[in-house]
Amino acid sequence: MPNVRRIVSVEHRLYISIDNGTGNSYDPNRIVKKCKWGRMRMATADWANKITEITLFVEDLNRSKAFYQETFKLAIIYEDESCAVFDYGNTSINLLNHSNARELIEPAQVGRGGDGARFQFTIQVPDVDRVCDELEVRGVKLLNGPITRPWGRRTACFADLDGHVWEIAQVL
């Protein structure tokens, strides 16, 4: 199945650019429809309504790959010289060399490592304290927690080696 590469505006219509294995092409069957107020909305009837891949831009692929293998105990499902993809249940985590990120997101700029967190991933667990103990044994330093939050969660956060923040959360 082809992978969505980017959304592109061509003559006031938006198209989803896909990689069909032979390069980029514009799929006319996935045109974005225009609402009556002039705003664009995407027809999502054929979407599965779940996130299937997360791509993280990393400075050192081998170092990051070791972190994810040791911290999460994840299996690699694909690997080449510029990426490593891990199976995380219904989601794949793709570690991509920072130097290869531009072609994936251009014309957007690739952020520099160390500029600060702009998001966090949350993993629900049955016992945050037990998971924190396991992470400590694996050499992972917590950013915070475990903390009981007023919204009914017990949480703790840590960052991978490129600064991507992960939260583990227990519903109380």
| query | Could we say that residue 155 is of a type in the set (S, T, N, Q), touching a strand residue (DSSP E or B) at 6+ places or on another chain (Cβ under 6 Å) and open to solvent by 50 Å² or more (accessible area, probe 1.4 Å) here? | reply | no
| request: Write out, first by first residue and then by second, each pair whose Cβ atoms fall under 8 Å of each other, whose residues are 6+ apart or on separate chains, and whose first residue, in segment 105-127, is within 11 Å of residue 163 (Cβ to Cβ) while the second is part of a loop (DSSP other than H, G, I, E, B) and at pLDDT below 80. | output: 111/118
| query | Taking segment 118-142 only, how many residues are open to solvent by 70 Å² or more (accessible area, probe 1.4 Å) and not charged (D, E, K, R)? | reply | 6
| Could you list, in sequence order, the residues of segment 158-169 that are at negative phi and open to solvent by less than 50 Å² (accessible area, probe 1.4 Å)? | 158, 159, 160, 162, 164, 165, 166, 167, 168, 169
| said: Within segment 75-117, take every residue that is among the hydrophobic types (A, V, I, L, M, F, W, C) and in a helix (DSSP H, G or I) and give me the one that is least open to solvent (accessible area, probe 1.4 Å). | reply: 101
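The values are calculated or read from the model by the stated rules, or taken from the named source; none is laboratory data. The model shown is predicted, which means the values in this text are computed figures rather than measured ones. We place every Cβ from the backbone using ideal geometry, glycine too, and count neighbours over all the protein chains shown. The area values use the complete protein model at the heavy-atom level, side chains included, leaving out ligands, DNA and RNA. Shrake-Rupley method; radii C 1.70, N 1.55, O 1.52, S 1.80 Å.
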